[in-house]
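Notes follow once the structure below has been shown.
FYI, it's all coordinate maths here, none of it is from the lab. Since the structure is predicted, the reported quantities are computational estimates derived from the model, not experimental observations. Ideal geometry is used to build each Cβ from the backbone, glycine not excepted, and the neighbour counts take in all protein chains shown.
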Protein chains: 2
Amino acid sequence: MTAGQSAATAAPAAFDSLNAALKRAAATVDATLDEVLPRPEGLHARVPEAMRYAIFAGGKRLRPFLTLQSAALFGAPEAQAARVAAAIEALHTYSLVHDDLPCMDDDDLRRGRPTAHKAFDEATAVLAGDALLTLAFGILADPKTHPSAEVRMRLVARLAEAGGSAGMIGGQMIDMLAPERDYGEAEVILLQALKTGALFEFACEAGAILAEAGEADQARLRAFAKGFGLAFQIADDIIDATGTAEEAGKAVGKDQDQGKATLISLYGLDKARTEAARLAGEAADALSPYGQAADDLRALPFFLLDRPS
Amino acid sequence: MTAGQSAATAAPAAFDSLNAALKRAAATVDATLDEVLPRPEGLHARVPEAMRYAIFAGGKRLRPFLTLQSAALFGAPEAQAARVAAAIEALHTYSLVHDDLPCMDDDDLRRGRPTAHKAFDEATAVLAGDALLTLAFGILADPKTHPSAEVRMRLVARLAEAGGSAGMIGGQMIDMLAPERDYGEAEVILLQALKTGALFEFACEAGAILAEAGEADQARLRAFAKGFGLAFQIADDIIDATGTAEEAGKAVGKDQDQGKATLISLYGLDKARTEAARLAGEAADALSPYGQAADDLRALPFFLLDRPS
């Protein structure tokens, strides 16, 4: 299957099914998040308030979707998968809250609303981010997530790795240093692989871990995530380079303003689109052993690339 | 045993033994920290550099001491205890790095050196703190920490609780809100119980968990930690109220300048000292079943109260 064929076959009907699956996944993880997030009460109610403000912001819940889909592929119970998805979304949300801070990307707008430090204040945003990060591990460690402590441990260990200094945090550090450095293609790909790719990879792999699927299955899900992650990033960069703030729900054109290299600035828009379609095809191919059961997963990168921009 | 007797019997000889035990604990945990902390290399070397800068700052390693002592009391292997102690110290250090930020306590000096955001920059300090927090869970989840996944899970769950929004982070939030609120004794005690007490409690309990000691032992260690934690806080407040910046290694008099209530401002210095000695006695009493094996632990609160101030 080539990228062109994949893109052609992943047309409207596939997108309708995917759209419905995305909505279901978002509703499922939101219900679980409401259950596991602390309720605002007592003298420190402000932290739970800010945690809930940041996490219930109408995000697309792509990572929860990936986890729920991969869990379904291997037959893990949805209630377990929803808890892992909630942990991953909590970790993802903390990273957004901290990345938006004035000392980091200094963003006032996120998903069309004031960022957490604007709606509350910087101290509360730092603490709410810290609390979301801590909660992510607490959710995974809870026996409700899986009866086997070995499985829960593997999830905790992999989340710590994906989110840590050699994963997501390392990617954000490389990104922060970008304006003073002259990154080429290899550096930009590494940056994205760490900053967003590492957590996508864990989100995809988590369903297989939860179902105690074999290493071959875990590796296939990771391979899907690798292609998907870069395709996602190119789609996101296209919006940043060509979209409006209204479409994006956040400030756009910042990478260019700050002189940061992206795959768009390195490749040009046309080559970037072609490359993204190729990566989406590669990702789809990694899931071929799963047949139609993986159709929604396979369609996701094409769907993201198809967004108006 | 009354508080007065405890204080009297905990005189010079006990302090010599304690001093030696503190030094040994610090050396042990420092060696383990050096092993588990990432090495600065690659494009994101700056985060590991800042993590190491913040953690190797000549701290007293009180929490690691508590964990190593409680592990020894119940016969857990020191190598395992050192890893748990390293995780707790990583979490404690992240909280210092974030609390020192301009948007939080805005401190330039910590242990006589520039704080992390002064030595590096704010973005790096936020990320290094995030990475230390993430690493703490990664260390605990690693099979090297304990062969039983059940034990490791319990450690992860308890650390997430102690460090979370209803624990340490909640305490810092209450503290940040202090200048605009009029806290009385109950609020100040709750603030301290969360901000520093929760992690002390886990540090003490962790050795018992690691050794798979019974609930009665875990409860005794928590009772010790409760008395110890408040006595520690009063000792710290006394230094803030009466010491010099040189003695404290950080700015002093800040609580008073910011109009924050402390146990000193509520009780007065004399009553605060008496109360701290009483709490230290209560803490010591909780360990009476362990006889001489707990002598160094028992001496610690008296030792901290005995510091020049």
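Assorted remarks:
- Measuring between alpha carbons in the structure, the pairs from A:Lys144/B:Lys226; A:Lys60/A:Lys271; A:Lys195/A:Lys226; B:Lys144/B:Lys195 lying more than 24 angstrom apart are A:Lys144/B:Lys226; A:Lys60/A:Lys271; B:Lys144/B:Lys195.
- Evaluated at q = 0.17 Å⁻¹: base-10 log I(q)/I(0), Debye formula over Cα of the stretch A:3-300: -1.59
- For the protein assembly as shown, a Kirkwood radius taken over Cα pairs fed into Stokes-Einstein (4 °C, viscosity 1.567 mPa s) yields D = 51 µm²/s.
- Global form of the stretch B:151-290, assessed from the alpha-carbon gyration tensor, a/c cut-off 1.5: prolate
- Extended-chain gain in nm, criterion 0.36 nm per residue less alpha-carbon gap, B:Asp108 and B:Glu150: 11.0 nm
- Proximal charge balance of A:Ala14 [Cβ under 10 Å; K/R count +1, D/E count -1]: -2
- Translational diffusion of the stretch A:221-299 was estimated from the Stokes-Einstein equation, with Rh taken as the Kirkwood radius over Cα pairs; at 25 °C and 0.890 mPa s the coefficient is 181 µm²/s.
- Only helical runs count toward this figure. For chain A, summing -39,500 (n - 2.57) over DSSP H runs of n ≥ 4 and dividing by all residues gives -22000 deg cm²/dmol at 222 nm.
- Charge dipole (Cα centre; +1 on Lys/Arg Cβ, -1 on Asp/Glu Cβ; no other charges) of chain B amounts to roughly 620 debye.
- Here, the stretch A:135-209 is characterised by an Rg to Rh ratio of 1.12, where Rg is the alpha-carbon radius of gyration and Rh the Kirkwood radius.
- Positive contributions from Lys and Arg (+1) and negative ones from Asp and Glu (-1), summed over other residues with Cβ under 11 Å from the Cβ of B:Pro40, come out at +1.
- The residues neighbouring B:Asp105, those whose beta-carbon lies less than 11 Å from its own, together hold a net charge of -3 under the Lys/Arg +1, Asp/Glu -1 convention.
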